[in-house]
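Beneath this line is the structure, given in structure tokens, with notes to follow.
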Amino acid sequence: MIPAGAIDCDIHPAVPGLRALLPYLDPHWRDMVAERGVHELDTISYPLRSPLAARPDWRPESGKPGAEFERVRREALDGFGSSLAICNPLYGVSVLFSEDMAAAFARAVNDWMAREWLDRDPRLRASVVVPVQNAELAAAEIERCAADRRFVQVLLPALGEAPLGKRQHWPIYAAAEKHGLPVGIHAGSSYRHPVTPVGWPSYYTEDYVGQAQGMQTQLTSLVCEGVFGRFPGLRVVMIESGFTWLPAYLWRLHKYWRGLRLEIPWVDRPPPEIIRDQVRFTLQPVDAPPEAGDLLRVIEHMGSEELLLFSTDYPHWQFDGDAAIPAALPEALARRIALDNPRATYPRLQESVA
């Protein structure tokens, strides 16, 4: 049962096509798009015809799932009774090699989101899309968008050209912390490198399963490189990463930190404590055991009821009907996941925005 007024921390309105962004590109970049013959920047993390990309009852007869505003409002907002929903547009800004063009497209996506979506329904909020190829340009885009209080998060792909803990990314975290914006790390890639540590896979199933391992690698990088110590006010949200892997992961990371902490003295408290303080995980996909009691034991082993955030992952196919929250969860825990935890994670969600 979904608590009334739940806050959906992950939905995916889709840019319908490159043409929709042209009004939001300045004249120079509109000319460049035409002269270079730029094609669509659709992310290949979610192939259009893949069953995972859209549930059958959410898939339109033509066009992209999630591209029709009224349909998204009806199915994702009204359908689940959500009081607020955070839009995470998965457009392929991160696949561009040109840092300047990536910055132009990130700006266009953010302006498109504000005008075409946020202006049309007061329940919608959004993540800031940034050109992760260049941290200075990304920080500048965060500064630009932060004035619009409807932007509540910074969005990064899970897999890029370097681990996210590296200092080259720190200007992004400084800007996010300055404005009280969590950093959401979402499944996806720039596809410069394989999604597995042993090379390129053959099938989309391998790619999607491998994203969770990439999430774990990025979380380890953020901890061991000292990001959370340098930015104590920063929150990181792992979006669409799954979460049942977390108990064993925390045990392993803690074990080797105890044995090898001499090389990373700036990590001056146990990693599980850091993660429970500063990292959150969206609920869907629930990669849960089949028995209800087993799921509750996994959550107990996570060591905190504050780690999970309600999400539907609309329009991706993670569940059928309205079963966005597993029936095994007690009412009090479901309410915490759907309302209390999102409000505590995203300070701007507590504001009334005209």
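Where a number appears in this text, it was derived from the coordinates with a stated rule and is not lab data. Here the structure is a predicted model, which is why all the values come from computation and not from measurement. Ideal geometry is used to build each Cβ from the backbone, glycine not excepted, and the neighbour counts take in all protein chains shown.
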For Glu273 and Glu70 in one chain, what is 0.36 nm times their gap in residues minus the Cα-Cα distance, to one decimal in nm? 68.8 nm
Using modelled backbone amide H atoms (1.01 Å from N, in-plane), which distant-in-sequence or interchain residues come within less than 5 Å of Met238's amide H? Ile185, Arg280, Phe281, Thr282
Rounded to whole Hz and in sequence order, give me ³J(HN,Hα) for region 118-135 from the Karplus expression 6.51 cos²θ - 1.76 cosθ + 1.60, θ = phi - 60°, writing x for Gly and Pro. 4, 5, 9, 8, x, 7, 8, 10, 8, 9, 7, 7, 10, x, 4, 4, 9, 5
What ranking of Ser202, Ser94, Ser221 emerges when the number of other C-beta atoms within 10 Å of each C-beta is taken as an exposure proxy, fewest first? Ser202, Ser221, Ser94
The rounded separation in angstrom of the Cα centers of region 1-71 and region 300-354 is 24 Å
For region 14-100, compute Rg over Rh where Rg is the Cα radius of gyration and Rh is the Kirkwood radius from the inverse mean 1/r over Cα pairs. 1.02
Search the structure for amide H atoms under 5 Å from the amide H of Gly188, placed 1.01 Å from N in the peptide plane, and list their residues when 5 or more places away or on another chain. Ala158, Leu159
If each part is reduced to its alpha-carbon centroid, region 125-169 and region 206-237 end up apart, in Å, by 15 Å
Per-peptide average of other Cβ atoms within 10 Å, ordering 223-233, 145-155, 60-70 highest first: 145-155, 223-233, 60-70
May I ask you to sort Glu141, Glu240 by Cβ crowding, counting other Cβ atoms within 10 Å and putting the fewest first? Glu141, Glu240
With an 8 Å Cα cut-off and a minimum separation of 6 or more residues, compute the relative contact order for region 242-330 in percent. 34 percent
How high is the relative contact order of region 7-350? Use alpha-carbon pairs under 8 Å, at least six apart in sequence, and give a whole percent. 20 percent
FRET efficiency (Asp31, Met1; Cβ distance; R0 45 Å; to 0.05) is 0.25
Calculate one ³J(HN,Hα) per residue across region 99-115 by plugging θ = phi - 60° into the Karplus curve 6.51 cos²θ - 1.76 cosθ + 1.60, and present them in order as whole Hz with x for glycine and proline. 5, 5, 5, 4, 5, 5, 6, 4, 4, 5, 4, 5, 5, 4, 4, 5, 7
Environment charge of Leu118, counting only residues whose C-beta is closer than 13 Å and scoring Lys/Arg +1, Asp/Glu -1: +3
